[in-house]
Each structure stands twice: as C-alpha cells, then as structure tokens.
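The values are calculated or read from the model by the stated rules, or taken from the named source; none is laboratory data. These figures come from a predicted structure and were not determined experimentally. Note that each Cβ is placed from the backbone with ideal geometry, even for glycine, and that neighbours are counted across all protein chains shown. In case anyone asks, the SASA skips ligands and DNA or RNA and just uses the protein heavy atoms, side chains included. Shrake-Rupley method; radii C 1.70, N 1.55, O 1.52, S 1.80 Å.
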Amino acid sequence: MADVQLRQIAKSFGSVEVIPGLDLDIPDGSFTVLVGPSGCGKSTLLRIISGLERPTGGNVSIGGRDVTRDEPSKRGISMVFQSYALYPHMTVAQNIDFGLRLAKTPADERERRVAEAARILHLESLLDRKPAELSGGQRQRVAIGRSIVREPGVFLFDEPLSNLDAALRTQMRIELAQLHERFDATMVYVTHDQVEAMTLADQIVVMNGGSIEQVGAPMELYERPRTEFVATFIGSPKMNLLPARAVGRSDARNAGVRPEHIRLDKNGGDWLAEVVVVENLGSDTVVYLESEDFGPLTVRVAGHQSLASRARVWLTPEPEHVHLFDADGVRLP
Amino acid sequence: MMKGGLARELLRLSVLCIVAAFVLGPLVATALGGFKSNLEIRTNPMGLPASWELTHYLGIIRDPSFWSYLGNSLVISLLTVFLTLLVGAAAAYVFAQIRFFGSRLLFSYLLLGLMFPFATAILPLFLKVRDLGILDTYWAVILPQTAFGLSLAILLFRTFFEQLPRELFEAAYVDGCGYVRFFFRFTLPLSTPILATVGTFVFVQSWNNFLLPLVVLNSREAFTWPLGMMQFRGEYMTAWNLVLAFVTLTILPAIVFFLAAQKYIVAGLTGGAVKG
Amino acid sequence: MSTIPESFPERVGRTLRDGRFTAVILLLPPALVLFSLFVIVPLAESGRYAFFDWNGYGEPADWVGFENFERMFGHSVFHQAIWNTIKLVLVSLLVQMPLALALALMIYRKTPTNAVFRLIFFLPFILAEIAAGLIWSFVFDGNYGVAAGITHAFGGEPYFVLGDRTWAFVAIMTVIVWKYFGFHMMIYIAALQGVPQDLVEAAKIEGAKTLDVVRHVQIPLIKPAIMVSAFFAIIGALQVFDVIIPLTNGGPSNSTQTVVTYLYTFGLSRLKIGFGSAVGIVLFLAAVLIAVFYQRFSNRAVSR
C-alpha cells in the first residue's frame, strides 16, 4: 500500500524535451489511469515511476519515501509490460517465481505465493507450460501473476491490453477491476484507449505533449473537461466543437456539445444541417451531418432512427450541456 | 546502476581499451615497421620511427610484381564473385520458383558442400585441375572456389527468393513473361541486398585464399598476393622492414574495403554463419 | 479451372510452353556440373585413392588396402596434429568464446563508442590468415620483433617462442584467438540485440542485478547463437592451416602440425596422393561427425 508523488518531474532525451516539468499525486489505493495520444509522455512517466528511466529533474516518492535514486527493484513496485515480457525459456511457474528466487525468499514461502497467484488467476493447470504454448490472455495472466507475487505497494501497467483482441480485452478489463478490489493496492495504468480509462479508473490523468491537461474522476472529466483537448479526447463519438456564436455567446471562442446532448428534429431547431451518413448501432444511432454554417457535426440519438442521406434536419443543443472554451482552449466557468 | 555506475563504466572502457590494444598493437607495429631501418626495428619495434623512411614502401609500390600479385588476386576474386552469384542464383531460383520431380533431392545434394572443409579433397582437386590442363591459370582457382562457395550461396539465395512476393511472378506471367526472363528481369534486380552480402562474403574468402592457389599456381606470373607475400618473405628473410611494408600495403586495401562494405561483410559473415 | 485430369503428354506440353522446362534445363545444370566436378567427384576420388600407393601419374595401380590409414594412425606426428587440433578446440571453447561473450555483453548496445570497438575487434577476422601469421611472426621474432623489444628492455637473452617446442603452439593459439574472437563476438552481438529489451527491464524490476540478467535471461536466450559459434570454432579448428605456415611451418620438429598442415606436408608436398587422400578422408569423417552431432544437439536444445 503506497501513494506516489511526482514533484517537478522533467525528462529530456538528448535535446528533445519529452516532459517539461510536472507534478502529480497518485493516492494510496487508487486506480489511476494515464491516458493520452501516442507520444504524449505517458509511458515515459510510468517508466520514471518504475525507475527504468531516470528523470532529468524532479523527485519521485513512493509511500512517502524519496526513491528518485533507487533501483527499480527497491521501490516496492511491479510492472506489467505491453509485450508481457515473459521469459521464453522458463515455465509459467518459473516465470512467476523468478523475482522471489532473486530475492532469496524461503522455498515454502515462494511455493505458497506462486500457488496463491496461480489460484487467483486460474493458472493452476498451466504452471508447467512455456509461454510459447499459451494464448494471449493466458500470457497476460502470467505477467500479472508475476507482479502479484512480489506483493508490491504499487502496480504499474504499460498498455497491458493492447495486444489482445476486442473480446478478450473486455474480459481482462473486468478481471483487472476485480484484482484492484481484491488487493486494494495502488495501480497506475497507461493506455491510449479512453474507453479503458473511463471504465477502469477512479482517477484519470489526461496527458498531452508532456504535460498534464487534467486530473479527475472519469465522470468529472466527461462532465467538466477543463480544456478543449480533454473535451474532445474523452467521450466517443468525439465532442462537437463549434464557433461560440452558434450558441449565441461572444465571450468565448468555441462551444462544445457532445453528440448525445444534441436533439434532432425534422421540423425546427437552432441549426440546420444535412445528413451525410447514418450508423445504426441498434441501441442507438450515430448521425453524421454537415452544416453549412458550422461544418461537420455528429449527433447520437437513442434507439433506431431512419433518416435518408441528404435529408435536411434541425439540431438543438441541450443548453445545460454546452461547454465553452476561451481563445487558449481553456474552459470558461 | 546508479551508485558505482561511473566506476563500472570506467572498468568497462579500460577492459575494452586493453583488448583494442591487443588487437591493434601488432597491426600498428607492422605499419610503423615499414618506415623504420632494420636496426631501429630491433631496438624500437613498437614506437614511432625516429625518421620516417619512405624508401621501403616506395620500392614495393614501384615493383611491378607487387601490382601483378594484386591484379591476379583482383581478377580471380571478381570472376569468382561473378560466377558464384550467377550460377548460384540461377540454381536457387529454380529451387525457389519451380516444383519438379527430384528438386528436394538435388537441393540437399548441393548443400552437401556446407558440411566439410575445402582441404579434404585438395589432392584429387589438384589432379583434376591438372588433368583439365588449367594448372597455373586463373580458372584453376576460380572454378573450385566457385564450386565450394555454391552451397552457402544457394542456401541464402533460395531463402531470399522465397520471400519475394509471389504475386509479382504471377502478374508478370499473366503479362507473358516466362520463367527464364523473369529471373533476369525481376529476381536478380530485386535481390541486390542478398547479392551484395553473398558477393562480399565470396570476395573476402577468395581474396584471402591461400591453400588452393598454393597448390594450383606455380609460376610467379600467376601468383595471387598471399603467394607473392610468402615469396617476398622468402627472399627478404631478415629484412623485416621490407616485409612489413609489403604486408601493410597488401592489407591496406582489405581494411579500406572492410570499412566501406562493413555492413555487408558483417551481415554475410555472421548472418551467413548463423543460417549456414 | 478445368476439372478434367490432365494427361501426361498434355502436362509435358504445358510445361514446355510456359518455359518451366527451359528454365530448369538452362539454370540448374551449371551449378550441378561445377559442384559435382570440383567438390563431389574429388571427394569420391579421395575415397578411392586412399587405398592406393600412388604418386599422381598414370593410373593408380598399387592397391595397398588400409596401409595408408595404418601408417597415419601409427605416425607420432599425426598424433601430435590431432592433439594440437584438440587443443585448438579447447582454447576456442574455454578462452575464446567466453572472452567473445564478455566483450559482446559490454558492447552490444548501439552507441557510437561501441560501434568503434566492434569494428576494431572484428578487424582481424577479415584480414587474410596468411597476413595475420606473418604479422605475428614479426611480433614473436626474438631478434627483431616485439618479443625482442621486451627481452631487450629487461636485458634478457633473445628468446624465440616459435622455436620452443613447449611454447610454440601456445603462441599459435594466441594468434588464433586474436584472429577469430571478433567473429564469435559478432555472432553474440547479433543475438543479444535480438533479445527484447522488455525482458531485461522486467528482470531488473524483479531485482535482478546485471550478472543475474546475463545468467538467467540473456545467456539462455542466445543459446542457439552460442551453439552456432561453438560449431564454427570446432569446424574452424579442423581447418587451421594458413596461419601456421608463416609462423612455424609445422615446426619446430613437427610440434605445431595440425591435420591440414600434416596433410600438406606429408601428402601433397611429397606427392603421396594415396596417403594424403587418407588424411583427407579422416578430416571429412570428422567434419561429418561434428555436423551430425551438432544437428542432434541443436534439435534437442530447441525442442527442450
């Protein structure tokens, strides 16, 4: 059990500055997800927490202890890699056991912990297999098992689900959530997938260009995005951004409305637009439109909606769900 | 990694420098020796020469037989490379592109050469070359070298050809391009990386070959540079400075070639080794 | 697609028309002829000549059975040659390969400094063996070379290591290590660069020290490369010839003969075709045996 504190963390590779200087608090027991487009520095930040990468400035503390200069193995963390990083020449049991053996843990203790991890992750029947004989999901479980046995204060995950297919990803997401509940440990999770972030996190950190755009609970980010970047990054389909005059405001530059917060009417409303494509998803319908005044727009309506292509319809935003942003892309209250 | 990281790095670098000195020392001493008088070599074999004497180097450069040795080696090496690439690639193309009765057997047959060293058959090879009446000619070296290089060349070529997109052949075939023409017009031009790799590999082997020329070349006119070097060494037994200058001048092209083509050499020698 | 089965003449006709037949007839024979004429036939002839006493002129007529082999196996110089070859294998496995592996671990990462060291260490490998031998015969020369410089500096008597029956072969093994360690190092470097960095990092997180990573992760993962390099070291030891000629020419008193120099000295240069062929056959059998062993060994290592 441990919290993570980052103070003035900076990182450059040669002359390229990846992280210019950032502060972040990861509370004890939280499931914190670092999310952002590729190249935003989220993986670098995770590697700085793990100790695999040395920051060029600033401090890392874990559980109140400054670990900036400590070896990765001395930080009380464990890490699950995107590629799983299983040792191909060792069996599942040996893979899980490796760290304990290095730490010279007594044999009976090791055996107990490996068995326990295998039980939790349903790996009992696979302990004697080599990684090459496992499916993607099973490998993922072994990688998690390897981090569980170390009983770390902080679990680190580097895009752990990105090599799995969609169905497996959903299932592993649920298992990860259950693990978090069971261990009550701090988890720091990196992903570029905002759905993973929304479903897993109790705290999301949105990063862009090496800086933090916003930190908050998933619904907070959805309901009150602090910047245009967060507004368009979180939520699917993406939030519509229009010039503020569309909602009759002159004090802001842009107005944002989520597709699910626009009403569609054939007879009357605020904006006139022409239907381009209709995607029927069954539970709801996503309509892509083109407005002469404001460009492309997306609207999501519940249930099934039959609309002809090129039909002209009226759109009305729900006023309580309009977000306003100033010239710097920062939210206006 | 963090504490003692600097000490460890220093240790690493000093080990590397010691080994580098072990590697380069003899080479440097050789190159410098060519500038020294025989007396100075005796008293100061490793250090810089007191006065840089160019006479030994110039004498060798002015010696026509030195250039004749290098020229012979170059012609033999280039022809060996050309023949190996052409003959080897042609055979590998057939194995990669055409399925026919007995192809697997013939392929295994041609790979037998990977298994045993050159020297095993050197005596009958000498007789064969003699009976063919090509003793003391370039072909006496070129043909056996090509034959012994074929196994590895065919193996590497076939692997590469099989990785070329099959649709390419099908598209050309639909356009009326036959098998033989496809080989010359498509397969060869598309295979420059592997041709370069195998080519450099064969070139280096031929350039450095000693045993085969020693056995099949008798006249000084036909000598390759390794033979010429031994000849020179025999004539100037005690004049180390001359011998060292000669050695330096012969290995210099090899070093220049190595620096220029190191990518292919490393790929050919280690990659070829790993696959072979 | 026609479903009517093609008759044999039809198939031959089609094969002729699309040029497949021409391609096989045109492109394959050059390789087959060259390879058969200069590799397989001489090898087969070795197998025949080995049972004759023959000087290479006229037809071999003097059938001697296994006499050539008996003479060879009874010859003390041949024993010495075999023993020297074994010493070369041992030095390769116990000195050269560990040295190459240690250096590879030091410089496998892609940095400019490492690239320079890689180039330097690999340099001797591309030099001709004969030039390497000549260079080192200068280094070891008790009157002139580097060895002379050292004895001179300590005020000792000139010492000729290559003329010393006990130490000459040690000097030769030094040259062999100098010449070939870079090759083995390059094989290891290529393999080490293929080990995913993730695995090394995962081990670090689990508390592995650098040596633990080497022992438990890197070495097990590059085992195939180590096997290949061992195979080349052994096959290479069987073939050592060029380096010996300028250094000792097999002397002093045959103490530095290897199998190939033995073949050259006692078979070729005296035109004892039968005897030389017998040595060649032994060399061939040894090479085949090693290749078969290697196949077995590497298959087992892979399946395990």
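Criterion applied to C:V240, C:V217, C:V195 was being of a type in the set (V, I, T) and either closer than 30 Å to C:T258 by Cβ or in contact with a Cys (Cβ under 9 Å, 6 or more places away or on another chain) (or both), and the one residue passing it is C:V240. For first residues located in the range A:51-65 and within 14 Å of chain C (Cβ to nearest Cβ), partners that are in a strand (DSSP E or B) and charged (D, E, K, R) and lie 6+ apart or on another chain with Cβ distances below 7 Å form the pairs A:E53/A:K11. Could you check the range B:28-42 and list, in sequence order, the residues that are of a type in the set (A, V, I, L, M, F, W, C), open to solvent by less than 60 Å² (accessible area, probe 1.4 Å), part of a helix (DSSP H, G or I) and more than 7 Å from chain C (Cβ to nearest Cβ)? Residues satisfying the conditions are B:A31, B:L32. Can you confirm whether B:E9 is outside the structural domain of B:L244 (by TED's automatic domain parsing) and closer than 20 Å to B:M237 by Cα? For B:E9, the condition - outside the structural domain of B:L244 (by TED's automatic domain parsing) and closer than 20 Å to B:M237 by Cα - is not met. Residue-level analysis places A:L121 outside the set of residues that are in contact (Cβ under 8 Å) with a residue 12 or more places away in the chain and farther than 27 Å from A:I49 by Cα. Taking the criterion of being open to solvent by less than 80 Å² (accessible area, probe 1.4 Å) and in a helix (DSSP H, G or I), the residues of the range A:105-114 that qualify are A:A107, A:E109, A:R110, A:R113, A:V114. Only one of the listed residues (B:V87, B:V15, B:V23) is in contact with a Pro (Cβ under 7 Å, 6 or more places away or on another chain), closer than 30 Å to C:T151 by Cα, at the interface with chain C (Cβ under 10 Å from one of its Cβ atoms) and at pLDDT 90 or above. That residue is B:V23.
If we scan the range B:216-233, do we find a residue that is more than 10 Å from every other protein chain (Cβ to nearest Cβ), surrounded by 14 or more Cβ atoms within 10 Å (Cβ to Cβ), without any contact (Cβ under 8 Å) to a residue 60 or more places away in the chain and out of contact with any Phe, Trp or Tyr (no Cβ under 7 Å at 6 or more places or on another chain)? Taking every residue of the range B:216-233 in turn, none turns out to be more than 10 Å from every other protein chain (Cβ to nearest Cβ), surrounded by 14 or more Cβ atoms within 10 Å (Cβ to Cβ), without any contact (Cβ under 8 Å) to a residue 60 or more places away in the chain and out of contact with any Phe, Trp or Tyr (no Cβ under 7 Å at 6 or more places or on another chain). All of B:L156, B:L143, B:L168, B:L152 fail the test of being surrounded by 13 or more Cβ atoms within 10 Å (Cβ to Cβ), of a type in the set (A, V, I, L, M) and farther than 30 Å from C:V39 by Cβ, apart from B:L168. Note on the range C:256-273: residues that are part of a helix (DSSP H, G or I) and more than 9 Å from chain B (Cβ to nearest Cβ) amount to 4. Annotation: C:K110 fulfils all but one of (1) at pLDDT 90 or above; (2) within 14 Å of chain B (Cβ to nearest Cβ); (3) open to solvent by 80 Å² or more (accessible area, probe 1.4 Å); the unmet one is (1). Restricting the range B:140-196 to residues that are among the aromatic types (F, W, Y) and over 28 Å from B:I265 (Cα atoms), the residue that is farthest from the other protein chains (Cβ to nearest Cβ) is B:F169. Against the list (1) open to solvent by less than 70 Å² (accessible area, probe 1.4 Å); (2) free of Cβ contacts under 8 Å to residues at least 12 places away in the same chain, the condition A:G269 fails is (2). Checking the structure you have, find out if any residue of the range A:234-243 is open to solvent by less than 70 Å² (accessible area, probe 1.4 Å), closer than 16 Å to A:H323 by Cβ and β-branched (V, I, T). Yes, the range A:234-243 contains at least one residue that is open to solvent by less than 70 Å² (accessible area, probe 1.4 Å), closer than 16 Å to A:H323 by Cβ and β-branched (V, I, T). Scoring B:I61 on the criteria (1) within 27 Å of the chain's Cα centre (by Cα); (2) without any contact (Cβ under 8 Å) to a residue 40 or more places away in the chain leaves a single failure, condition (2).
Here is the figure for the range C:45-85: residues that are loosely packed, with under 13 Cβ neighbours inside 10 Å and among the small types (G, A, S) total 5. The selection criterion, being away from chain A (no Cβ under 14 Å) and open to solvent by 20 Å² or more (accessible area, probe 1.4 Å), holds for C:F232.
Criterion applied to A:T199, A:T186, A:T170 was being assigned by TED's automatic domain parsing to the domain that holds A:S50, in contact with a Lys or Arg (Cβ under 8 Å, 6 or more places away or on another chain) and β-branched (V, I, T), and the one residue passing it is A:T199.
Could you please find all residues in the range B:176-198 being closer than 28 Å to B:A260 by Cβ and in contact with a Gly (Cβ under 8 Å, 6 or more places away or on another chain)? Within the range B:176-198, B:T197, B:V198 qualify. Can you confirm whether C:I290 is within 17 Å of the chain's Cα centre (by Cα) and buried (at least 21 other Cβ atoms within 10 Å of the Cβ)? Considered against the rule, which asks whether it is within 17 Å of the chain's Cα centre (by Cα) and buried (at least 21 other Cβ atoms within 10 Å of the Cβ), C:I290 comes out as no. Scanning the range B:194-228 for residues being among the hydroxyl-bearing types (S, T, Y) and part of a helix (DSSP H, G or I) gives a total of 3. When the residues of the range B:114-140 are filtered to those that are touching a helix residue (DSSP H, G or I) at 6+ places or on another chain (Cβ under 8 Å) and within 15 Å of B:L79 (Cβ to Cβ), the one that is surrounded by the most Cβ atoms within 10 Å (Cβ to Cβ) is B:A140. Selection of the range A:285-333 for residues being farther than 15 Å from A:R245 by Cα, touching a helix residue (DSSP H, G or I) at 6+ places or on another chain (Cβ under 6 Å) and part of a strand (DSSP E or B) yields A:T298, A:V299, A:R300. Just the residues that are among the aromatic types (F, W, Y) and more than 11 Å from C:K272 (Cβ to Cβ), please, taken from the range C:39-66. If the condition is that a residue be among the aromatic types (F, W, Y) and more than 11 Å from C:K272 (Cβ to Cβ), then C:F51, C:Y57, C:W63, C:F66 are the ones that fit.
Residues of the range B:49-65 that are at pLDDT 85 or above and either at the interface with another protein chain (Cβ under 10 Å from one of its Cβ atoms) or assigned to a loop (DSSP other than H, G, I, E, B) (or both): B:W52, B:L54, B:D63.
Looking at C:F284, C:F241, just one residue is among the aromatic types (F, W, Y), part of a helix (DSSP H, G or I) and either within 11 Å of another protein chain (Cβ to nearest Cβ) or under 30 Å from C:R48 (Cβ atoms) (or both), and that residue is C:F284.
Considering only residues in the range B:86-145 that are of a type in the set (G, A, S) and outside any helix (DSSP H, G or I), the one that is farthest from B:F203 (Cα to Cα) turns out to be B:G102. A:S250 passes every criterion in (1) in a strand (DSSP E or B); (2) open to solvent by 70 Å² or more (accessible area, probe 1.4 Å); (3) of a type outside the set (D, E, K, R) apart from (1).
When C:L93, C:L88 are checked against the criterion of being surrounded by 15 or more Cβ atoms within 10 Å (Cβ to Cβ), within 18 Å of the chain's Cα centre (by Cα) and either farther than 30 Å from B:T84 by Cβ or at pLDDT below 90 (or both), C:L93 stands alone in meeting it.
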